[in-house]
Amino acid sequence: MSNIIRLNETAPNSEWIVMSNQGTDCFLDLLIIAAESFEKTGTQEELISFLKDQKDVNEIAPGSAGFDLDEMPWQVETLKDDTEFLCCVITAAQNERTFRQLPYEVNTDIVLPLLRQFFVLAEQMKSETVVNEDLGSLDLSSDEVTYRYKGETYWLSSHPYEPCLYLQRGDELVCTLHNAYNTEDLVKAFTAGKTVKTNYGKDYDKEFDEAGFCRILAAALNSGCDDMDLFYAAKLAKEGVR
């Protein structure tokens, strides 16, 4: 079996890094060894620990060590510094001095292209909002609208005759937002860079862009309530996502 590394779960197949189990071992060995020469912050230590865990997984259960970059233990506050750190580690992993530290010969024809592809994914972390632990992110690119928040994916759906928005995780209905927008309106507005509007009372915002709506969804999920009026979720969002 092969291992696959992607930017995130919506990444197209053409951007996947596919490697054999042996190639995975060498790929991870080089990254782990290269990281040893760098001074690391706590969050950077966690990133390398994640790679070490994947190495252990590949030894115990070959073919199951693939991962998405947005599954790594990133922190929003240090994302820029930590992605730059990872890029430096990847560059060092391609160095002949790093190859010589392994107890076996490195097949550079195989591993160097893998590392270069990984560098491209790490670079994308700087420019794309693939991690946002505060607000999460909407994916409006397919027929099914999803919301990614704190490592979980929620499917958004609506009913043509009921002003409700449903947040579902797998087969579980996690939260119902009443007096909400339907998914068709969300896609139409946000893909055009526009806002969704509503007639809230004076204590609520009257329109939301995509980030503002993500804040509402985050506030609703953080509340732990499985049934909530969108007006109240907007009030929680205005007070601050917790």
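The values are calculated or read from the model by the stated rules, or taken from the named source; none is laboratory data. Remember, it's a predicted structure, so these values are computed and weren't measured experimentally. Reconstructed Cβ throughout: ideal geometry from the backbone, glycine too, with neighbour counts over all protein chains shown.
Of note:
- L47 meets all of the listed conditions (1) in contact with a helix residue (DSSP H, G or I) (Cβ under 6 Å, 6 or more places away or on another chain); (2) surrounded by 17 or more Cβ atoms within 10 Å (Cβ to Cβ); (3) not hydroxyl-bearing (S, T, Y) but one, namely (1).
- D109 being in contact with a Lys or Arg (Cβ under 9 Å, 6 or more places away or on another chain) and among the charged types (D, E, K, R): no
- At least 3 residues being over 19 Å from M125 (Cα atoms) and in contact (Cβ under 8 Å) with a residue 12 or more places away in the chain is the threshold, and among the helices (runs of 4 or more DSSP H) wholly inside region 1-111 those reaching it are 21-35, 42-60.
- The set of residues in region 210-236 being of a type in the set (D, E, K, R) and either modelled with pLDDT under 85 or assigned to a helix (DSSP H, G or I) (or both) consists of E210, R215, K235.
- Search result, residues across region 218-238 that are within 16 Å of F208 (Cα to Cα), buried (at least 21 other Cβ atoms within 10 Å of the Cβ) and out of contact with any helix residue (DSSP H, G or I) (no Cβ under 6 Å at 6 or more places or on another chain): A218, L230
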